[in-house]
1. How many residues are in contact with a Leu (Cβ under 8 Å, 6 or more places away or on another chain) and at positive phi if we restrict to the stretch 43-97?
2. Would you point out which residue out of Gly86, Gly100 is under 16 Å from Leu19 (Cα atoms) and either of a type in the set (S, T, N, Q) or at pLDDT 95 or above (or both)?
3. If you go through the stretch 86-107, how many residues are open to solvent by less than 10 Å² (accessible area, probe 1.4 Å) and either among the β-branched types (Val, Ile, Thr) or not in a loop (DSSP other than H, G, I, E, B) (or both)?
4. How about the stretch 142-167: which of its residues are among the aliphatic types (A, V, I, L, M), part of a loop (DSSP other than H, G, I, E, B), open to solvent by 30 Å² or more (accessible area, probe 1.4 Å) and more than 18 Å from Tyr94 (Cβ to Cβ)?
5. Take Pro27 and decide whether it is surrounded by fewer than 17 Cβ atoms within 10 Å (Cβ to Cβ) and touching a Ser or Thr at 6+ places or on another chain (Cβ under 7 Å).
6. From the set of residues in the stretch 61-83 that are surrounded by fewer than 16 Cβ atoms within 10 Å (Cβ to Cβ) and farther than 21 Å from Gln15 by Cβ, which is nearest to the chain's Cα centre (by Cα)?
7. Check Phe252 against each of (1) part of a loop (DSSP other than H, G, I, E, B); (2) in contact with a Gly (Cβ under 7 Å, 6 or more places away or on another chain) and name the one condition it does not meet.
Amino acid sequence: MSSSVQIHPTAIIEQGAELDHGVTVGPYSIIGKNVRVGKNTCIHSHVVLQGHSHFGEENQIFSFAALGNPPQDLKYKGEETKLTVGNRNIIREYVTIQPGTVQGGGITSLGDGNLIMAYAHVAHDCRVGNQNIFANGTQLAGHVTIQNMAVLGGLSAVHQFCTVGDMSMTSGGTMVKKDLPPYCIADGFRGVLRGLNIVALQRRQVSVEARNAIKRAYKIFFMENAPTIQVAIDNLPQSDVSIPEIQKLIAFIQSSKRGVLRPSFQNKSDNFSDHDNP
């Protein structure tokens, strides 16, 4: 443990825990023996860090967050699974993030620069990328993947094994029951697509050419009711297919195992399910 670490006298740091220089630990926090905390991380009061959990640099972890406790999975039998958290994340009050399970690959991971607001839950075997925002009360079931720069509105929930794509967004209270494609907005108790996240595309400086191509692709994939993914791809303008954002959108839809969310007026049978992937 570095000599520059500041630990409040009431905190409990178990023997074996590793705290890098510049780490501060607030009153009554508990850090388990297999926890590693990177430099300049601020752990506020009443935080619990347990399990085989590794935290990167410059994270802020606020009061009553409980990270690394055993997963809420009846299959878990005490195996040595992990939680990894990257750098510069802000994890607010009462957030819970749990390690992986053997059945799910053994690791739950959180990337860099995420804002996880109060009372959010990230379950076992989730993979969360970079620069995402989870508003208050966001709930991720097990085995969920959140890519990058997504925004999940307050009290949103994501069904197990779903994937949420880059720069997508949910409104408050949305239930994501299938994969949410990149750049799209979902809304509703049984989430449906409501259009494109144009504001995010602009803020992330996606080019005008790419934004216009995304608009055309959205219309073809989600408004014209093509019978298969391949037909929809064939209907895209050839000049659009080479644009990286369109390639990402195509790859996302093609790789979906649960099928993707669609606008509410579409036929309930999801013709973009895994059964018709080319």
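The values are calculated or read from the model by the stated rules, or taken from the named source; none is laboratory data. Computed from a predicted model, the values in this text were never measured in an experiment. Note: ideal-geometry Cβ built from the backbone for every residue, glycine included; neighbour counts use all protein chains shown. Heads up: the accessible areas ignore ligands, DNA and RNA and are worked out on the full protein's heavy atoms, side chains in. Shrake-Rupley method; radii C 1.70, N 1.55, O 1.52, S 1.80 Å.
1. So the answer is 2.
2. Gly86
3. 4
4. Residue satisfying the conditions is Met149 alone.
5. yes
6. Ranking the qualifying residues of the stretch 61-83, first place goes to Gln72.
7. Of everything listed in (1) part of a loop (DSSP other than H, G, I, E, B); (2) in contact with a Gly (Cβ under 7 Å, 6 or more places away or on another chain), Phe252 misses just condition (1).
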